[in-house]
Amino acid sequence: MDSGQLIGLIIGIVVVLAIVIVAIMLGRKRKAAANRTKAVEMRDQARTEEIGAREREAKAARAEADAKQAEVEAERLREEARGRQQEAEQVRSGVQDQLRKADELDPDVATGKRGHGQDHVSRDAAGTEELRRDRSDRNPGQGEQASPLAGEQAHRTEVPGSELPPEQGHTGEPRSDPPRNL
């Protein structure tokens with residue numbers, strides 16, 4: 001090899017090395033720029049997620065506050081209900097006293113204070129007796145019913161359309177055919 005070729009070879013090697021070094025440097029610069037861009041994107045995403053996390057924390061705190069408010073409201077309503085229950089019991093007690101006094105004044109209600117030898121007759125029994133008197137007042141002349149069933153039929157509430165009209169042979173008895181389901 002002659003010296004010209006050797007110098008050309010050395011210059012070629014130096015040029016190739018220079019090109020490789022420049023390519024490596026440019027590649028590193030591009031990679032650094034890409035890494036910077038990716039880091040900026042990651043920071044932006046982290047900020048967005050941090051804001052989302054703060055919003056979730058705020059919603060959780062709001063939900064906790066709402067739950068505590070609901071508990072306070074429920075306790076207030078319980079107290080109000082207790083108060084109203086006590087008021088109702090007082091009113092009921094007053095009504096019971098008033099009914100007891102009315103029973104003492106009513107000559108038709110037997111009480112132990114009048115010396116009839118009985119304790120207080122229940123209001124249900126007195127109410128039933130009053131209904132019987134009421135029915136006999138409404139139906140004078142019928143007198144005593146022959147059977148309890150006949151008495152029930154006499155006091156049944158009439159339903160419109162449950163009987164045949166007089167011009168179709170009405171006998172005064174309720175219809176015996178079963179109702180139709182439409």
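The values are calculated or read from the model by the stated rules, or taken from the named source; none is laboratory data. Since this is a predicted model, take the numbers as computed values, not measurements. When we count neighbours, we look across all protein chains shown, and the Cβ atoms used for this are built from the backbone with ideal geometry, even at glycine. With ligands, DNA and RNA removed, areas are computed over all heavy atoms of the protein, side chains included. Shrake-Rupley method; radii C 1.70, N 1.55, O 1.52, S 1.80 Å.
In table form, for the structure just shown:
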quantity: Near pairs, Cβ below 9 angstrom, 6+ apart or cross-chain, from the stretch 71-100 (hydrophobic (A, V, I, L, M, F, W, C)) to any residue that is loosely packed, with under 10 Cβ neighbours inside 10 Å; calculated: none
quantity: Residue that is open to solvent by less than 80 Å² (accessible area, probe 1.4 Å), at pLDDT 95 or above and over 51 Å from the mean Cα position of the chain (by Cα), where the choices are A61, A23; calculated: A23
